[in-house]
Amino acid sequence: MRVIQQSLLAWYDTNSRDLPWRITSDPYKILVSEIMLQQTRVETVIPYYHRFLESLPNIKSLANIDDQTLLKLWEGLGYYRRALNLKRTAQQIVNQLNCSFPSSAEEWEKLPGIGRYTAGALGSIVNGEQTALVDGNVKRVYARMFNIELPVNEKNGEDAVWDIANNLVPAGRPGDYNQALMELGATVCLSRNPSCSICPVISHCKAFKLGIQDKLPARKKKKSVPQRTAASAIIQREEKFLLLQRPTNGMLGGLWELPTVIIPHLDLKYQEIEAIFDSQLNLKIKIIKLEASARHAYTHFKIHNLAFSSQLIAQDSRERLRHPYKWIDKDQISGFPVHVVQQKLFAQLFDSQQKLSLQ
DNA sequence: AACTCGGGGTC
DNA sequence: GACCCAGAGTT
């Protein structure tokens, strides 16, 4: 075994954090952790991880859960497609693989929601296979260690890191080595102000030798994101209001919200917004008054979401709605998975006493 | 290769 | 504001 690998493993043995998915060898639990950790920080995942496994302790319980319960467990974690794909993976393991988990990265990667990184993680950690993995941490560590100048968010740079990772993953303790690499990136080889003085592999780091660790890894800049405006309708009937479910295919799929449309800009006349509700949702309403407003930033656009108290005009229009819907009491909201912009609106509408006393 | 798909922490 | 995080899937 090479010096880099020995140094990193020795460092990992005494400096690794006590993360909940590291004290188990249950493939199911490790699978759940890896999916949750995609593009999501360790500290964010931990409470979700515990709650998820408490409700769904094994692969069969996940395979059989209904989507609404599943999404409620995922609520606030983001990238909700991950949860639905994870369930599909569980179903394939139960029904097609007879409850036996894949035995290699190649087999893992055939399952939905498991790409190159996650397959490498599961192959090495669960199966003990000598297989590499590259995530944001590994890109940063290796880009600095080997002075990779190519942008790591483009194919060339990514391939360069994968080549190094494939060459360096050891036959012994591949799972620990891969985790050590990520642990180093998460706690020492930080994006900003890396703690080079305590780095166990500082003597192997080209960037440190050149004093350019702050300039690596190189990334191609992303373009700025557009601003969008949305209008939501608070439509009350007796003590209840109308909630719609978003289509499972698109963004925030399967989650619930007030009837909501995208509008071209902020200062449309009420009449014009009403026409958009009609054409987009088949919902004929009369807007009464602005009640709440929330802003939110997604990865590829920003949104300003307004909420208007409204009246339903055509009583039968609900029968032609393009989405699943429910009339619910405000106390029932907590039973539905709701995305964060709408949570912000609900907080303004219901949590403060002066607002919307419901008729 | 570019785009879609969340949310939150950080500076 | 911009950047980034144990990325994957689609076009």
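Can you tell which of A:GLY120, A:GLY157 is within 14 Å of DNA strand B (Cβ to nearest atom), in contact (Cβ under 8 Å) with a residue 12 or more places away in the chain and assigned by TED's automatic domain parsing to the domain that holds A:MET182?
Sole residue among the options that is within 14 Å of DNA strand B (Cβ to nearest atom), in contact (Cβ under 8 Å) with a residue 12 or more places away in the chain and assigned by TED's automatic domain parsing to the domain that holds A:MET182: A:GLY157.
State whether one or more residues within the stretch A:36-46 are over 14 Å from the mean Cα position of the chain (by Cα) and free of Cβ contacts under 8 Å to residues at least 24 places away in the same chain.
Checked the stretch A:36-46: no residue is over 14 Å from the mean Cα position of the chain (by Cα) and free of Cβ contacts under 8 Å to residues at least 24 places away in the same chain.
I'd like the residue in the stretch A:70-81 that is assigned to a helix (DSSP H, G or I) and closer than 17 Å to A:PRO47 by Cα and, out of all such residues, is farthest from DNA strand C (Cβ to nearest atom).
A:LYS72
Please tell me if A:SER103 is within 26 Å of A:ASP159 (Cα to Cα) and either at pLDDT below 95 or more than 8 Å from DNA strand C (Cβ to nearest atom) (or both).
yes
Please find, within the stretch A:236-287, the residue that is nearest to the chain's Cα centre (by Cα) out of those that are over 16 Å from A:TYR325 (Cα atoms) and of a type in the set (Gly, Ala, Ser).
A:GLY250
Which of the numbered conditions does A:ARG140 fail, given that it passes all the others? Conditions: (1) of a type outside the set (Ser, Thr, Tyr); (2) away from DNA strand B (no atom under 16 Å from the Cβ); (3) touching a helix residue (DSSP H, G or I) at 6+ places or on another chain (Cβ under 7 Å).
Every condition holds for A:ARG140 apart from (2).
Just the residues that are closer than 22 Å to A:GLN348 by Cα and either within 16 Å of DNA strand C (Cβ to nearest atom) or β-branched (Val, Ile, Thr) (or both), please, taken from the stretch A:266-279.
A:LEU266, A:ILE273
Looking only at the stretch A:109-128, decide whether some residue is among the acidic types (Asp, Glu) and closer than 24 Å to A:TYR298 by Cβ.
No - not one qualifying residue is present in the stretch A:109-128.
Please count how many residues of the stretch A:130-146 are under 13 Å from A:ILE202 (Cα atoms) and either of a type in the set (S, T, N, Q) or at pLDDT below 95 (or both).
Count: 0.
For the stretch A:126-143: of the residues being in contact (Cβ under 8 Å) with a residue 40 or more places away in the chain and near DNA strand C (Cβ under 9 Å from one of its atoms), which is nearest to A:ALA160 (Cα to Cα)?
If we take residues in the stretch A:126-143 being in contact (Cβ under 8 Å) with a residue 40 or more places away in the chain and near DNA strand C (Cβ under 9 Å from one of its atoms), then A:LYS139 is nearest to A:ALA160 (Cα to Cα).
Looking at A:LEU97, A:LEU62, A:LEU150, which is the one that is in a helix (DSSP H, G or I) and either among the aromatic types (Phe, Trp, Tyr) or in the same structural domain as A:ILE35 (by TED's automatic domain parsing) (or both)?
Answer to the selection: A:LEU62.
Report every pair of residues separated by at least 6 positions or lying on different chains whose Cβ atoms are under 8 Å apart, first residue within the stretch A:80-107 and touching a residue at least 40 places away in the same chain (Cβ under 8 Å), second within 16 Å of DNA strand B (Cβ to nearest atom) and acidic (Asp, Glu).
That search, which allows pairs on different chains as well, returns A:LEU84/A:ASP67.
With the condition kept exactly as written, say whether any residue in the stretch A:237-248 is surrounded by 12 or more Cβ atoms within 10 Å (Cβ to Cβ), part of a loop (DSSP other than H, G, I, E, B), of a type in the set (Val, Ile, Thr) and not assigned by TED's automatic domain parsing to the domain that holds A:LYS286.
No - not one qualifying residue is present in the stretch A:237-248.
Only one residue in A:LEU210, A:LEU133 is surrounded by fewer than 21 Cβ atoms within 10 Å (Cβ to Cβ), hydrophobic (A, V, I, L, M, F, W, C) and assigned by TED's automatic domain parsing to the domain that holds A:ARG82, so which one is that?
The unique qualifying residue is A:LEU210.
The values are calculated or read from the model by the stated rules, or taken from the named source; none is laboratory data. Please read all numbers here as calculations on a predicted model, not as lab measurements. Glycine also receives a Cβ, built like all others from the backbone with ideal geometry; neighbour counts cover every protein chain displayed.
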